[in-house]
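We did not get these values from a lab; they are worked out from the coordinates using the rules stated. Just so it is clear, the model here is predicted, and its values are computed rather than measured. Note that each Cβ is placed from the backbone with ideal geometry, even for glycine, and that neighbours are counted across all protein chains shown.
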Amino acid sequence: MAKGQPLVPALFIFGDSVFDVGNNNHLYTIVKANFPPYGRDFKNGSPTGRFCNGKLASDYTAENLGFTSYPPAYLNLKVKGINLLNGSNFASAASGYYDATAKLYHAIPLSQQLEHYKESQNILMGIVGPSNASSIISGAVYLISAGNSDFIQNYYINPLLYKVYTADEFSDILMQHYTSFIQASRKIGVTTLPPMGCLPAAITLFGSDSNDCVVRLNSDAVNFNKKLNTTSQSIQKSLSGLKLVILDIYQPLYDLVTKPAENGTLSKFLTQISLESQPYHAKLMN
């Protein structure tokens, strides 16, 4: 990890399984990653609750910002004190912009993640005082990854949704929740949806006995991402002081799946995200 003073005082993380580092380990839910082979390439080779064999994108972000440790899972902390000085991770696998998605799987809804964040603010004020806490909170960087579970684990399999709303209309509903969340932020990086149709679970459920990416689902992801960009531009104009950057993970992941020989390295994947997001570190710092 990088040495020296971090570029920002803290990193606060919200969202779903893309960023969950163990909060779901403490929930009564089947959506957990606390068993092998999860974590086999992480330090000590043990599962931590990360839905990955090694580090998450948020872990690399923490390193690139200069932190010597990763924001801890909020529910992992038995004593919530000085451990919160550099931020915390509130993400919960199977959560999303739409609170009902999380409730289906007994995960932590985004609204509850925000409540945990507010609780952490109060704890920080008790530790370092209102002035120092305000400095940490205002200077922190915020990350969120959500929306994927809203579609894959809710909309596409829930007749109460897909028979009432088109995918485009459901995206509009998610945008309303996204807007409400962003209004509570100051410096935030937001990931786009990945190519949902290329996810193994999506291919299994909706692939019609084919191993190819499901075009319809990818089209829905592209449409959602366009709305995300448009909505974000509108929010940016209406909220002075907000520094908002969209991190495009769709195209790099799609290239990894469809052209693995040309794009099949982690370093190339991270570089492409950085380039296509127009280095968000610099934007968030300005």
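Explain nothing, just the number: relative contact order of segment 10-127, from Cα pairs under 8 Å at least 6 residues apart, as a whole percent. Each step should come with its number before you reach the end.
Numbers: 235 pairs, mean separation 36.9, N = 118.
Relative CO of segment 10-127 lands at 31 percent.
Once the Cβ-Cβ distance between LYS237 and SER180 is put in as r, and R0 is 25 Å, what FRET efficiency do you end up with, to the nearest 0.05?
Working: r = 17 Å, r/R0 = 0.68.
With a Förster radius of 25 Å, E is 0.90.
Can you tell me the mean projection area, over all orientations, of the convex hull of segment 70-123's alpha carbons? Units nm², please. Before the final figure, lay out each step's value.
Working: hull surface 14.8 nm².
That works out to 3.7 nm², a quarter of the Cα hull's surface.
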Formal net charge of residues neighbouring ARG50 (Cβ-Cβ distance under 9 Å; K, R +1; D, E -1) = -1
So for the pair GLN112, ALA261, with labels modelled 7 Å out along Cα→Cβ, what separation do we get in nm?
-> 4.8
Between Rg and the Kirkwood Rh of the chain, both from Cα atoms, what is the Rg to Rh ratio?
-> 0.95
Once every DSSP H run of n ≥ 4 in the chain is given -39500 (n - 2.57) and the sum is divided by its residues, what mean residue ellipticity at 222 nm do you get, rounded to the nearest 500 deg cm²/dmol?
-> -13000 deg cm²/dmol
Free-standing Cys residues across the chain, given no other cysteine C-beta under 4.7 angstrom | CYS52
Excluding HIS177 itself, what net charge comes from residues whose Cβ is under 12 Å from its Cβ, given Lys and Arg +1 and Asp and Glu -1?
-> -3
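Where Rh denotes the Kirkwood radius from the mean inverse Cα pair distance, what is Rg over Rh for segment 36-179?
Values: Rg = 17.3 Å, Rh = 17.0 Å.
Checking Rg against Rh, the ratio lands at 1.02.
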Any lysines whose Cα falls less than 16 Å from that of LYS259, other than same-chain ones fewer than 8 residues away, would be LYS268
Round to a whole angstrom and tell me the spacing of the C-alpha centers of segment 174-203 and segment 77-122.
-> 16
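If contacts are Cα pairs under 8 angstrom and at least 6 residues apart, what is the relative contact order of the chain in percent? The partial results should precede the final answer.
On the way: 499 pairs, mean separation 46.3, N = 286.
Computed value for the chain: 16 percent relative contact order.
Given the chain, what percent of its DSSP beta bridges are antiparallel, to the nearest 5? Intermediate results must be reported in sequence, preceding the final value.
Numbers: 1 of 18 bridges.
In the chain, approximately 5 percent of DSSP beta bridges are antiparallel ones.
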Please build a GNM for the chain, connecting alpha carbons under 10 Å apart, and tell me which residue among ALA100, ALA91, ALA184 fluctuates the most.
-> ALA184
When the chain is modelled as a GNM with alpha-carbon springs shorter than 10 Å, which of TYR97, TYR178, TYR60 fluctuates the most?
-> TYR60
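Note down the net charge around ILE152, summing +1 for each Lys or Arg and -1 for each Asp or Glu among other residues with Cβ under 12 Å from its Cβ.
On the way: positive: none; negative: ASP16, ASP150, ASP220.
Net local charge, ILE152 excluded: -3.
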Spelling it out for LYS243: with amide H atoms placed in the peptide plane at 1.01 Å from N, the residues 5 or more places away or on another chain with amide H under 5 Å from its amide H are LYS187, ILE188
